[in-house]
Amino acid sequence: MIDKILWPLVSLGGMGLVFGAGLAFASKKFAIETDPKVEEIREVLPGANCGGCGYPGCDGFAAAAAAGEAPVSGCPVGGAAVAEKIAAILGVSSPTVEPKVARVRCQGDCNNAVNKYEYDGIQDCVAAAMLADGPKGCKYGCLGLGTCVRACPFDAIHINENGIAVVDRDKCTACGKCVVACPKKLIELIPRSSQVQVLCISQDKGKDVRANCKVGCIGCQICVKACQFDAIDFKNNLAKINYDKCVNCMVCAEKCPTKAIFADFANRKAASIDPDKCIGCTLCKKACKFDAIEGERKEKHVVLQDKCTGCGQCAVKCPTKAITMA
């Protein structure tokens with residue numbers, strides 16, 4: 001009886017030792033060498049696994065960054081701080097990263113826009129858009145059914161009381177999930193420093209826009225003519241801001257007859273000149289496109305606050321740093 005139990009145990013134990021040794025040998029023989037920098041980069045990433053970098057999660061981005069296939073600034077959630085850490089690991093210089101934030105380019109809520117029918121289907125923007133482009137009279141408008149809300153992993157976007165999606169700037173990481181999820185392509189990642197945005201994407205003619213929405217872009221091009229910095233492009237009946245040129249003077253928003261252009265006037269800056277530093281060179285006066293600075297050469301200059309738009313070009317040109325923006 002003992003033999004019948006002992007020998008099977010011995011044979012099984014022996015087989016286990018042989019197979020274990022074989023697996024150990026195979027693991028060393030066929031091991032894939034990994035770059036230690038991959039793990040270092042993975043450690044400094046925020047771990048959101050949002051895919052905003054364009055790779056399958058943080059592991060995918062770490063491998064791509066270590067291989068030089070992804071930029072060190074490729075993680076939108078980590079921003080400049082993470083970019084600097086990755087650059088240090090790879091021994092490269094860290095580029096300047098312009099933080100971004102998502103913005104819903106539509107103001108066509110229940111107070112401003114009309115509906116062409118009452119929708120009572122699946123509460124999803126993609127589903128609603130399949131039925132004659134959705135219930136909104138404007139086929140470009142926000143449907144307000146929360147597809148973007150459900151796509152956001154950071155709870156940074158919600159539907160407000162008037163039925164339109166709004167981004168919480170403090171929570172937004174610019175991962176881009178909402179941008180991909182929106183069937184109307186209404187959401188755009190813009191520089192966080194920008195104080196001005198065109199909140200409309202309608203390419204309809206002005207008459208049709210007015211029929212469907214009170215605050216849509218009607219293609220009048222008043223903003224284009226008002227901009228002193230050539231920062232507004234106009235195509236397909238729609239104005240769009242060129243953020244590489246925009247200086248946040250907000251004049252376009254002041255001039256827009258339908259208020260389709262948003263500007264954060266509460267944070268509008270104004271120039272002030274320190275008389276102790278001003279040398280009267282007139283460079284600031286020449287740089288000002290709004291005649292907001294007065295004073296002759298070799299005299300102390302003064303900013304006319306009722307004309308200043310806060311564009312900051314005078315401060316850029318001042319050789320003595322006598323001008324501050326606040």
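The values are calculated or read from the model by the stated rules, or taken from the named source; none is laboratory data. What you see is a predicted model, and the numbers here were worked out from it, not measured in a lab. Please note: Cβ atoms are built from the backbone with ideal geometry, for glycine as well, and neighbour counts cover all protein chains shown. Quick note on the areas: whole protein, heavy atoms, side chains included, nothing else; ligands and nucleic acids left out. Shrake-Rupley method; radii C 1.70, N 1.55, O 1.52, S 1.80 Å.
Within a Cβ distance under 12 Å of Val77, other residues only, what is the Lys/Arg minus Asp/Glu net charge? Taking every Cβ under 12 Å from that of Val77, the sum is +3.
Would you mind classifying the range 107-182 by shape? Square roots of the alpha carbon gyration tensor eigenvalues, ordered a ≥ b ≥ c; an a/c under 1.5 is rounded, otherwise it is prolate if a/b is larger than b/c and oblate if not. Here the range 107-182 falls in the prolate category. Under the classification rounded if a/c is under 1.5, otherwise prolate if a/b is larger than b/c and oblate if not, where does the range 169-212 fall, given a ≥ b ≥ c as square roots of the Cα gyration tensor eigenvalues? Note, shape of the range 169-212 comes out oblate. Extending 7 Å from Cα along the Cβ direction at Arg210 and again at Ala21 yields two label points whose distance is 9.1 nm.
Take 109-118, 47-56 and order them by the average number of nearby Cβ atoms within 10 Å per residue, most first; the result is 47-56, 109-118. Ignoring ligands, DNA and RNA, what percent of the 1.4 Å accessible area of the range 132-285 is carbon and sulfur? That share works out to 50 percent. Close amide H pairs (under 5 Å, H built 1.01 Å from N) link Ile293 with Leu304, residues at least 5 positions away or on another chain. Computed on the chain, with alpha-carbon pairs under 8 angstrom and 6+ residues apart, the relative contact order is 11 percent.
Where does the chain land at 222 nm, in deg cm²/dmol rounded to the nearest 500, when only DSSP H runs of n ≥ 4 count, each adding -39500 (n - 2.57), divided by all residues?
Details: 12 runs with 101 residues, N = 326.
When only DSSP H runs of four or more count, the value is -8500 deg cm²/dmol.
The residues of the range 172-300 present an accessible area of 53 Å² per residue when probed at 1.4 Å with all protein chains retained. In a fully extended conformation the segment linking Glu98 and Asp124 would gain 6.1 nm over its present Cα-Cα distance, using 0.36 nm per residue.
Taking amide H atoms as placed 1.01 Å from N in the peptide plane, list the residues 5 or more away in sequence, or in a different chain, whose amide H sits under 5 Å from that of Asn115. Close amide H contacts, sequence-distant or interchain: Gly137.
Whole-Hz Karplus values for the range 241-248 come out as 7, 8, 5, 6, 10, 5, 10, 6 Hz, taken residue by residue from phi with 6.51 cos²θ - 1.76 cosθ + 1.60 and θ = phi - 60°; glycine and proline positions read x. For mean projected area of the Cα convex hull in nm², the listed values are (i) 28.4; (ii) 17.9; (iii) 20.5; which was obtained by calculation from the structure presented? Working out mean projected area of the Cα convex hull in nm² from the coordinates points to (i). Rounded to the nearest 10 degrees, what's the angle between the helix 79-90 long axis and the longest principal axis of the chain, both from Cα atoms, 0 to 90? Helix 79-90 and the main axis of the chain meet at about 50 degrees. Under 5 Å from the amide H of Cys227 lies no amide H of any residue 5 or more positions distant or on a separate chain, with H modelled from the backbone and absent for Pro and chain starts.
Per residue, the accessible area of the range 44-144 comes to 49 Å² when a 1.4 Å probe rolls over the protein heavy atoms.
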